[in-house]
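To start, the structure under review is shown below, and the notes come after it.
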Amino acid sequence: MLPSFNISHSKTHVAVYLGNKEAVGCDIERIAFRPGWQNLAKTYFSKKEAEQLLAQNPDYDLRLFWKYWTAREAWLKQQGKSVWDMTLFALDISSPQLKIIDTSEQLLPLTFQQQQLCLCNTQPFTQMKSCQTFDRGIMISYEHSTDS
């Protein structure tokens, strides 16, 4: 069986996430100002998520906004859904580990080089195997709880 994969890109970076068998998802976005981000949060995020974002100072809001956005997109891609399905679920923001409410999928948010990246897998991320950064990207390998 061929490995599963998911690809995402921002203006300057690309992320490719390879999995063993189960579907995987990834999203990468540049941490930058986005006009109308407050309206996006109110429209597509849960009420709790939007309230938390709008209560923070603007600099922190953008990092948290992109963390939530990439987590949502990574899960949607892993599920084979589109961005238009973003209102169908909510993040558990009370948990120290970011999760989608009522699902078992695992999320791994990462920040590097002004980029926010999130990976989504059915198996827990247990340990980083390797990490290599280069001019416009990063290559990360993680162990999952079922890897041998």
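The values are calculated or read from the model by the stated rules, or taken from the named source; none is laboratory data. Everything numeric here is computed off the predicted structure, so don't read it as measured data. Backbone-built Cβ (ideal geometry, glycine too); neighbour counts: all protein chains shown.
Numbers at a glance
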item: Out of 95, 141, 130, sole residue that is modelled with pLDDT of 75 or more and of a type in the set (Ser, Thr, Tyr); result: 95
item: Odd one out for residue 70, checked against (1) more than 16 Å from the chain's Cα centre (by Cα); (2) in a helix (DSSP H, G or I); result: (1)
item: Which numbered condition residue 99 misses (of (1) surrounded by 15 or more Cβ atoms within 10 Å (Cβ to Cβ); (2) under 16 Å from residue 118 (Cα atoms); (3) touching a residue at least 12 places away in the same chain (Cβ under 8 Å)); result: (3)
item: Given (1) within 25 Å of residue 21 (Cα to Cα); (2) surrounded by 13 or more Cβ atoms within 10 Å (Cβ to Cβ); (3) touching a residue at least 24 places away in the same chain (Cβ under 8 Å), number of the condition residue 80 does not satisfy; result: (2)
item: Matching entry among 21, 11 (being of a type in the set (D, E, K, R), modelled with pLDDT under 90 and within 18 Å of the chain's Cα centre (by Cα)); result: 11
item: Residue within the stretch 43-53 that is at pLDDT below 90, touching a helix residue (DSSP H, G or I) at 6+ places or on another chain (Cβ under 8 Å) and not hydroxyl-bearing (Ser, Thr, Tyr) present; result: yes
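Results for (1) assigned to a helix (DSSP H, G or I); (2) of a type outside the set (A, V, I, L, M, F, W, C); (3) without any contact (Cβ under 8 Å) to a residue 24 or more places away in the chain, shown as yes or no for each residue.
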residue: 6; (1), (2), (3): no, yes, no
residue: 22; (1), (2), (3): no, yes, no
residue: 29; (1), (2), (3): no, yes, no
residue: 35; (1), (2), (3): no, yes, yes
residue: 49; (1), (2), (3): yes, yes, no
residue: 63; (1), (2), (3): yes, yes, no
residue: 76; (1), (2), (3): yes, no, no
residue: 94; (1), (2), (3): no, yes, yes
